[in-house]
């Protein structure tokens, strides 16, 4: 399993708008009325995402009721990775208890707008939709036996909800590379 680090988009970047479908075809767009917004690039097959699915569901359950707009986005090429097909996304969301929309970025334009590089890749925006955090969920990895507690991401969400800034020293997320459609690879690698 080859690991890729997130690109660490500049703090203060305005959240790129999007309108994407969930597996049922319902369109979801980036809300602009939330006290905080969490955008996560995930997929079904990645061992790094599988390692943290329970915590992702926990974050949804803990922060959704606090007004955080939460979106999970799958930008993988489903031709080469059929396990990430929207039909399977629906099963994944139900099985793991995701309470947030799990959206499909078929064109991969949203992943490029966010400079997403890996799954999982996390972005937290403040009430003005300015990037306040981009980095890892926590220090746990599939092979290091550290607990999956979401410490870094939860601290960032708590800071934004308290109208303060998360720590500036942010560790990049690490995971499987996004599976780009042939000829659609981004220029930021």
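The values are calculated or read from the model by the stated rules, or taken from the named source; none is laboratory data. Only a predicted model underlies this, so the values are computations on that prediction, with no experimental measurement involved. Here the Cβ positions follow ideal geometry from the backbone for every residue, glycine too, while neighbour counts run over all protein chains shown.
Answer yes if at least one residue in region 111-123 is over 16 Å from residue 38 (Cα atoms) and at pLDDT 95 or above, and no otherwise.
yes
Only one of 73, 42 is surrounded by 15 or more Cβ atoms within 10 Å (Cβ to Cβ) and closer than 24 Å to residue 145 by Cα. Can you tell me which?
Answer to the selection: 42.
Enumerate the strands (runs of 3 or more DSSP E) found wholly within region 12-128, keeping only those where 1 or more residues are under 22 Å from residue 167 (Cβ atoms) and touching a helix residue (DSSP H, G or I) at 6+ places or on another chain (Cβ under 7 Å).
So the answer is 37-41, 69-74, 121-125.
Go through the residues of region 143-165 one by one and say whether even a single one is modelled with pLDDT under 95 and touching a strand residue (DSSP E or B) at 6+ places or on another chain (Cβ under 8 Å).
yes
Search region 129-161 for residues being part of a strand (DSSP E or B) and out of contact with any helix residue (DSSP H, G or I) (no Cβ under 7 Å at 6 or more places or on another chain), and hand back the single one that is surrounded by the fewest Cβ atoms within 10 Å (Cβ to Cβ).
Among residues in region 129-161 that are part of a strand (DSSP E or B) and out of contact with any helix residue (DSSP H, G or I) (no Cβ under 7 Å at 6 or more places or on another chain), the one surrounded by the fewest Cβ atoms within 10 Å (Cβ to Cβ) is 130.
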